[in-house]
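Below is one structure, written out as structure tokens; comments come after it.
The values are calculated or read from the model by the stated rules, or taken from the named source; none is laboratory data. Since this is a predicted model, take the numbers as computed values, not measurements. A quick note on method: Cβ atoms are made from the backbone with ideal geometry, for glycine too, and the neighbour counts reach across all protein chains shown.
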């Protein structure tokens with residue numbers, strides 16, 4: 001029987017057989033009859049509002065008397081009496097059980113946290129014995145099961161998991177999981193007759209808040225059919241959207257005794273408004289008894305503010321269409337608006353709902369975007385707290401950019417003071433911000449000589465609490481961490497910051513080098529006088545423009561030039577190999593933990609709590625289209641921001657992007673590196689430059705990098721339900737070094753099993769394991785691209801690995817954080833030279849560093865040398881895999897990584913960035929001509945790397961002989 005129709009069984013005898021149907025307002029079991037249909041030899045209908053005869057019987061328009069000729073008056077009276085009885089009979093008295101709430105996609109990878117709630121709308125208990133879910137989940141109620149009058153009953157997937165978050169009694173557990181993408185649930189009675197059914201989905205017009213944002217699907221009106229999305233809303237979301245919400249075992253937060261008016265087909269023009277341009281908003285609003293009031297509510301928002309809402313009545317322009325106009329507004333503002341509809345019975349609906357992740361529709365008032373060769377981007381933090389936090393970070397984050405003394409300048413070329421730049425990678429990234437914070441007494445973001453030298457006194461007092469007047473290396477290292485507290489989360493999970501040699505935090509990176517350069521007479525004892533003298537000398541050296549002060553840029557540049565590069569530990573940890581201790585699944589930290597959302601890593605940075613009320617605006621110069629992404633989460637990270645979009649509104653299929661500027665070298669090398677990986681045949685993150693404005697202030701050009709996540713997998717036509725791991729170089733064992741990004745609560749068993757098998761086998765036996773477990777072609781291509789790029793940081797570190805558990809079963813690798821490519825990082829190539837001679841054996845088991853000294857965390861040797869990676873070591877050393885690697889390496893050097901292919905790409909990037917480099921220099925008070933000169937030097941270094949690296953690799957015997965019979 002269709003919704004809204006109640007069947008009247010034939011029992012009224014007449015000369016003609018017939019059946020009657022009563023139509024009431026949609027979803028109501030009581031209320032006035034809207035129409036009556038009589039089916040017999042002919043079909044007649046009494047429509048709502050049909051005229052009434054003198055005797056009280058309704059006649060069909062245009063067919064007066066026709067009905068009377070077919071039915072006797074007695075039959076008409078009997079029918080009318082029965083209809084009145086049915087209309088007055090409350091269906092709820094019999095007890096109606098409905099599917100009332102569905103929690104199908106929990107946040108924070110809580111895959112087994114699911115529940116379904118039933119609700120009895122009637123005034124009597126209902127016996128559920130023999131009832132069952134016949135579609136969707138599988139569950140059958142035992143004999144004697146019942147649901148109380150007006151009561152609620154909860155079924156869940158995992159009792160223990162449910163009890164972690166809710167104290168509501170659970171009637172039973174189901175085994176089959178609810179689909180995260182939507183499915184049909186059907187509840188049937190003991191006779192197998194369907195009692196209620198819901199076919200939910202994970203996209204509009206179904207609520208988005210229930211799809212992994214912490215909310216559940218709540219039925220609004222239990223007396224209305226549940227097969228329409230207009231009768232469902234998301235429950236209120238938790239504050240952080242990570243803690244599960246929902247309302248199991250009690251009345252829904254969105255409950256309404258009558259279904260509120262439905263709002264649909266919302267349209268607003270223009271979608272992006274010019275200054276002072278009005279915006280027309282239209283919508284269909286329908287209700288069974290008619291909407292009594294429809295309003296448009298709007299507010300203005302911008303950097304650090306959201307104004308109160310203004311209400312504008314919406315006028316009826318057609319049968320169900322309403323419209324209103326938002327007056328024109330000033331430029332560079334967000335307009336957030338929603339529609340409110342009320343029915344005469346008091347039911348009310350907002351569109352979008354208040355419990356949606358995006359609780360309003362939005363537009364951005366903006367003038368015609370300035371012309372440029374790269375996209376433009378704006379970040380707008382609308383909350384005051386986030387605005388202040390962004391302003392504070394921008395003061396200490398530094399300019400980045402092309403500094404004087406760059407490539408080939410003072411400090412040794414790449415990796416010298418110009419090579420790092422403010423915000424670049426080096427000792428200064430740890431020390432300079434703390435120096436400024438602790439010594440800048442008048443808060444002018446500059447240190448006078450008196451302030452700077454006073455800091456030496458303050459620091460030595462803290463380093464020498466016993467007033468001995470001198471320190472040895474161990475004392476200095478152990479106490480230095482107290483001067484520079486490590487950022488939040490910088491340390492092993494569950495442990496505090498550690499000082500001493502090989503410890504975590506700035507002590508490990510900075511203290512040995514700082515002690516060494518300050519120990520003037522090299523007697524391994526540092527005196528107060530030596531420390532003070534060192535600070536005095538540094539001030540003179542670092543104040544190159546003789547302004548009499550040091551800003552953070554000078555501090556960072558000077559520290560990078562003065563102190564030796566940080567010495568990191570090997571694959572197993574800092575200062576040597578870490579232990580083999582495996583961390584259990586219960587110790588793993590997911591979102592919000594170490595290296596995850598809210599954690600600290602060299603790509604994540606320290607963060608503070610963020611709302612989802614920021615906006616991101618993107619202008620594409622090719623299409624001339626402006627896109628607004630409102631109510632997004634902007635998370636601060638090292639060197640920039642991470643922006644999280646919604647899956648139904650991605651940016652070029654990306655759901656998370658990183659906007660970063662860590663150094664000029666990194667900003668140029670990274671996107672070029674990803675292009676090499678793509679051309680060789682490896683899926684790589686999308687990456688390009690954008691001109692960024694942060695809360696109305698120009699921030700110069702930044703690098704946009706796609707986050708490797710589920711959306712990345714889908715974009716590259718891979719299943720997204722496997723295990724994705726990110727390699728963390730600063731962790732201490734196999735499990736900790738592989739941060740799980742998907743299925744975070746299922747442990748690392750697949751990884752442990754694979755590595756164990758690789759380590760226990762060799763030769764043909766190992767080759768069989770490699771073929772079975774890896775996408776061999778993809779892995780070969782990954783190592784080929786890494787080798788071509790001199791990517792010493794990409795064999796043991798800086799990659800994601802993915803196990804397609806439910807698809808091919810294979811493992812693959814994807815590049816990440818490609819700033820140490822193209823031979824231009826860390827000064828490994830020597831004064832003004834690119835690093836092009838990384839050996840073809842690098843990364844494989846059995847490889848030894850030049851000179852036989854390890855050099856990585858152990859002192860001496862080549863600073864770029866690293867121990868083999870977990871995958872690179874055994875795979876590159878396996879004879880069969882190595883043959884494929886060398887053959888593909890030769891092929892790539894002959895046809896892909898060539899000057900003919902990449903010099904035009906490098907030149908094109910330079911042309912796009914020349915105006916941006918000038919703009920950035922002017923914005924931060926730098927010399928634009930010198931910045932352009934350094935840009936040209938860096939671009940030439942990339943060209944040199946293609947030429948020299950290619951020549952070097954092609955000259956290697958293994959590569960020359962690749963593909964020949966008998967070649968290794």
message: As an exercise: evaluate residue 312 against (1) part of a strand (DSSP E or B); (2) in contact (Cβ under 8 Å) with a residue 24 or more places away in the chain and give the number of the one condition it does not meet.
response: (2)
- line: Here the residues within the stretch 744-754 that are surrounded by fewer than 18 Cβ atoms within 10 Å (Cβ to Cβ) and either under 22 Å from residue 885 (Cβ atoms) or at pLDDT below 95 (or both) are 745, 746
task: Answer with yes or no whether residue 917 is assigned by TED's automatic domain parsing to the domain that holds residue 733, surrounded by fewer than 17 Cβ atoms within 10 Å (Cβ to Cβ) and closer than 24 Å to residue 819 by Cβ.
output: no
task: Go through 757, 711 for me and flag whichever is touching a residue at least 12 places away in the same chain (Cβ under 8 Å), under 22 Å from residue 108 (Cα atoms) and not in a loop (DSSP other than H, G, I, E, B).
output: 711
- request: Confirm whether residue 960 is under 30 Å from residue 762 (Cα atoms) and either surrounded by fewer than 16 Cβ atoms within 10 Å (Cβ to Cβ) or outside the structural domain of residue 835 (by TED's automatic domain parsing) (or both).
  value: yes
task: Evaluate the stretch 194-203: report whether one residue or more is free of Cβ contacts under 8 Å to residues at least 60 places away in the same chain, over 28 Å from residue 148 (Cβ atoms) and surrounded by fewer than 17 Cβ atoms within 10 Å (Cβ to Cβ).
output: yes
query: Is the stretch 278-286 home to any residue that is in contact with a helix residue (DSSP H, G or I) (Cβ under 9 Å, 6 or more places away or on another chain) and in contact (Cβ under 8 Å) with a residue 60 or more places away in the chain?
result: no
query: Has the stretch 889-905 got any residue that is in contact with a strand residue (DSSP E or B) (Cβ under 6 Å, 6 or more places away or on another chain), more than 24 Å from residue 763 (Cα to Cα) and at pLDDT 95 or above?
result: no
message: Of the residues 863, 823, 807, 857, only one is in a loop (DSSP other than H, G, I, E, B), under 22 Å from residue 709 (Cα atoms) and at pLDDT below 95; which?
response: 807
task: Just need a number here: residues in the stretch 687-699 that are surrounded by 18 or more Cβ atoms within 10 Å (Cβ to Cβ) and either in contact with a helix residue (DSSP H, G or I) (Cβ under 8 Å, 6 or more places away or on another chain) or free of Cβ contacts under 8 Å to residues at least 24 places away in the same chain (or both).
output: 6
query: Given (1) surrounded by 21 or more Cβ atoms within 10 Å (Cβ to Cβ); (2) modelled with pLDDT of 95 or more, where does residue 226 come up short, assuming only one miss?
result: (2)
message: Here's a check for you: in the stretch 640-654, which residue that is surrounded by 19 or more Cβ atoms within 10 Å (Cβ to Cβ) and in contact (Cβ under 8 Å) with a residue 40 or more places away in the chain is farthest from residue 360 (Cα to Cα)?
response: 640
task: Check residue 223 against each of (1) in a loop (DSSP other than H, G, I, E, B); (2) under 32 Å from the mean Cα position of the chain (by Cα); (3) within 15 Å of residue 347 (Cβ to Cβ) and name the one condition it does not meet.
output: (2)
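Matching residues to (1) modelled with pLDDT of 95 or more; (2) closer than 20 Å to residue 140 by Cβ; (3) in contact with a helix residue (DSSP H, G or I) (Cβ under 6 Å, 6 or more places away or on another chain); (4) outside the structural domain of residue 142 (by TED's automatic domain parsing):
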| site | (1), (2), (3), (4) |
| --- | --- |
| 165 | yes, no, no, no |
| 170 | yes, yes, yes, no |
| 193 | yes, yes, no, no |
| 203 | no, no, no, no |
| 208 | yes, no, no, no |
| 211 | yes, no, no, no |
| 218 | yes, no, no, no |
query: Among the residues of the stretch 227-236, is there at least one that is in the same structural domain as residue 132 (by TED's automatic domain parsing) and in contact with a helix residue (DSSP H, G or I) (Cβ under 6 Å, 6 or more places away or on another chain)?
result: no
query: Hey, among the residues in the stretch 612-639 that are under 15 Å from the mean Cα position of the chain (by Cα), in contact (Cβ under 8 Å) with a residue 60 or more places away in the chain and in a strand (DSSP E or B), which one's surrounded by the most Cβ atoms within 10 Å (Cβ to Cβ)?
result: 614
Per-region count, the stretch 535-563, residues assigned to a loop (DSSP other than H, G, I, E, B) and over 10 Å from residue 449 (Cα atoms): 6
